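Everything on this sheet refers to the single structure shown next.
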Amino acid sequence: MGMDTRQFFQACNPTKTLNISKPEDRPYYIDFSKVRGSGIIRRLKRSILLANKPSCQLFSGYIGCGKSPELLCLKSELSREGFHVVYFEATEDQDTTDVDLTDFLLAIARRVSESLEKHNIHLQPKGFKKLLQDTAKFLQTPISLEGEVSLPGGSSLAVGSEGQFTFSLPMGIAAITAKAKDSPNLRSRMRQYLEPRTSQILAAINNELLRPATKALKQKGQKGLVVIVDNLDRIDPRMNESGYLQTEYLFVQRGGQLSQLDCHLVYTVPLVLLFSNQSETLKQRLGGGVDPKVLPMVPVKQRNGQLDWQGIALLQQMVLAKAFPGLSDKQRLAQVEHVFDNLETLNYLCYISGGHVRKLLALMHSCLQYDDPPISRRCISKVIQEYQDSLLRTIEDIEWTMIMEVDKRKSLKGEEECQTLLPSMFIFEYQDSKGSWYDVNPALAMTKEFRIRKKQFNT
């Protein structure tokens, strides 16, 4: 069977996020829930379906492990159940190096109101309008809150009964935040004005947006409103003006306020927070006392060191689906020698990825930069060597000691190990019937340097 190499290369782009609600993306999606051992999306979904009041759930995992496609899958499933779901990536609205609570609240308000306007629900939040007008006056900058305007999502302001343009909340918020985003000084002044009014902002969002929206949605036959905020785990953990790390400030110190929004919420949170001494406070203030759901790697081996062929088989399908999206699993596997010189080469690539889905795509993408299919073991080895070199050049002696400790006990202990080993992809998390366990990135574990260090550690 013929294969379009250009299409295959584009499909392997590791920066592309699959959205299964789009027909063109659906053939590329592989369901890893059976091997990840957690059924996370099902649990998030059931918590919303069974709740009798608004819920707030926390979701975490490695950057690149596949959280966004799973959250978009959650959105699709909840939409089929009759919910109005607003999904957005915080990185599209926020500078991850400089985030404040009021910025975040305004972003949620804009995204929700914009989505509602697309579905012909036009609210007229008078209190929110006044707040924005007063903010504009304080900033002493000309900002128009009325008139026809195109919004980022393609929506525009509606015309009233007398031919006048009505106030549009997303337009008003976008007008102010756009001005502030381009000027650090203006952004600082806006925060100084809005911070003492956080309670007022929350009240306006709840009383003039979320509750009326939920009522209007139910009148249309829908079950309610769900807001999913992705990419919050990418917030830079740098120190802010309050003397806290941005991540701790937003999710822990101000977590109680983030949870007060009167709709179903799903927030992504940085993985490192789950290993900090603030983890319990995070769970109580923001997560309603429930542990955050963590998306692990797709397993490529078991605790006992044996290969996990079920996990590897699904990773095989993920790669082959990029080449043959229209075929069944069995049909794709029959075409493997059009993509690789043999099945063992594909298995090797899947194993080396450690079950990190974005890394697997990145490795495949790099291979296609070198050569056309069928990809040889030699080409794979060259790409893997580059990956291994990039890992090795960053490891310091103290980090090697931490890596060896984790390799020995298969667990992580404390904030320091987490902050050091997880973001750098030295260590991966897996889950099985016994719970979470940790192992060295296979690409790192197969290096000569690792074997030497391990021998020294054990003597």
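The values are calculated or read from the model by the stated rules, or taken from the named source; none is laboratory data. All values derive from a computational prediction rather than experimental measurement. Cβ placement follows ideal geometry from the backbone for every residue including glycine, while neighbour counts extend to all protein chains displayed.
Scanning the stretch 280-308 for residues that are of a type in the set (Gly, Ala, Ser) and modelled with pLDDT of 90 or more yields a single hit, GLY305. Residues that are buried (at least 22 other Cβ atoms within 10 Å of the Cβ) and under 25 Å from PRO196 (Cα atoms) within the stretch 228-244 comprise VAL229, LEU232, ILE235, listed in sequence order. The residues of the stretch 407-430 that are free of Cβ contacts under 8 Å to residues at least 60 places away in the same chain and either not assigned by TED's automatic domain parsing to the domain that holds MET446 or not aliphatic (A, V, I, L, M) (or both), listed by number, are ASP407, LYS408, ARG409, SER411, LYS413, GLU416, THR420, SER424, PHE426.
Within the group LEU361, LEU444, which residue is out of contact with any Lys or Arg (no Cβ under 9 Å at 6 or more places or on another chain) and in a helix (DSSP H, G or I)? Give the derivation first.
Values: LEU361 fails: out of contact with any Lys or Arg (no Cβ under 9 Å at 6 or more places or on another chain).
Every option except LEU444 fails the conditions.
The set of residues in the stretch 174-223 being among the small types (Gly, Ala, Ser) and touching a Phe, Trp or Tyr at 6+ places or on another chain (Cβ under 6 Å) consists of ALA204 alone. Within the stretch 121-128, none of the residues are under 18 Å from ILE228 (Cβ atoms), among the aromatic types (Phe, Trp, Tyr), touching a residue at least 24 places away in the same chain (Cβ under 8 Å) and part of a helix (DSSP H, G or I). When restricted to residues that are more than 31 Å from the chain's Cα centre (by Cα) and modelled with pLDDT of 95 or more, the stretch 342-371 contains 3.
Before we move on, is ILE312 touching a Pro at 6+ places or on another chain (Cβ under 6 Å) and of a type in the set (Val, Ile, Thr)?
no
One residue stands out in the stretch 218-246 among those that are in a helix (DSSP H, G or I) and touching a residue at least 12 places away in the same chain (Cβ under 8 Å): the one that is farthest from GLY61 (Cα to Cα), namely GLN246. Taken together, the residues in the stretch 99-151 that are of a type in the set (Val, Ile, Thr) and either crowded, with 20+ Cβ neighbours inside 10 Å or at pLDDT 85 or above (or both) amount to 6.
Of all residues in the stretch 409-427, those satisfying the criterion of being at negative phi and either touching a helix residue (DSSP H, G or I) at 6+ places or on another chain (Cβ under 7 Å) or at pLDDT 95 or above (or both) are LEU412, GLU415, GLU417, CYS418, GLN419, THR420, LEU421, LEU422, PHE426, ILE427. Within the set SER33, SER38, SER47, SER21, the sole residue that is under 13 Å from SER76 (Cβ atoms) and over 16 Å from the mean Cα position of the chain (by Cα) turns out to be SER21. The helices (runs of 4 or more DSSP H) falling completely within the stretch 1-120 that include 3 or more residues that are free of Cβ contacts under 8 Å to residues at least 40 places away in the same chain map to 5-11, 40-50. Number of residues in the stretch 191-217 that are touching a residue at least 60 places away in the same chain (Cβ under 8 Å) and over 21 Å from ASP262 (Cβ atoms) equals 2. Here GLN431 meets each of (1) under 29 Å from the mean Cα position of the chain (by Cα); (2) in a helix (DSSP H, G or I) with one exception, condition (2). If only residues of the stretch 58-94 that are closer than 25 Å to VAL252 by Cα, in contact with a His (Cβ under 8 Å, 6 or more places away or on another chain) and not hydrophobic (A, V, I, L, M, F, W, C) are counted, the one that is surrounded by the fewest Cβ atoms within 10 Å (Cβ to Cβ) is GLY64. If you go through the stretch 169-190 and keep only what is more than 26 Å from the chain's Cα centre (by Cα) and closer than 15 Å to PHE104 by Cβ, you end up with ILE176, MET190. The numbered conditions (1) in a helix (DSSP H, G or I); (2) touching a helix residue (DSSP H, G or I) at 6+ places or on another chain (Cβ under 7 Å); (3) among the charged types (D, E, K, R) are all true for LYS215 except (2). The one condition from (1) in contact (Cβ under 8 Å) with a residue 60 or more places away in the chain; (2) over 24 Å from GLY64 (Cα atoms); (3) of a type outside the set (A, V, I, L, M, F, W, C) that SER376 does not meet is (1).
Which residue is nearest to HIS365 (Cα to Cα), if the candidates are limited to the stretch 384-397 and must be in a helix (DSSP H, G or I) and free of Cβ contacts under 8 Å to residues at least 12 places away in the same chain?
First, the residues of the stretch 384-397 that are in a helix (DSSP H, G or I): 384-392, 397.
From what is left, the residues that are free of Cβ contacts under 8 Å to residues at least 12 places away in the same chain are 385, 389-390, 397.
Working: GLN385: 15, ASP389: 18, SER390: 17, ASP397: 32 Å.
Per the criteria, the residue is GLN385.
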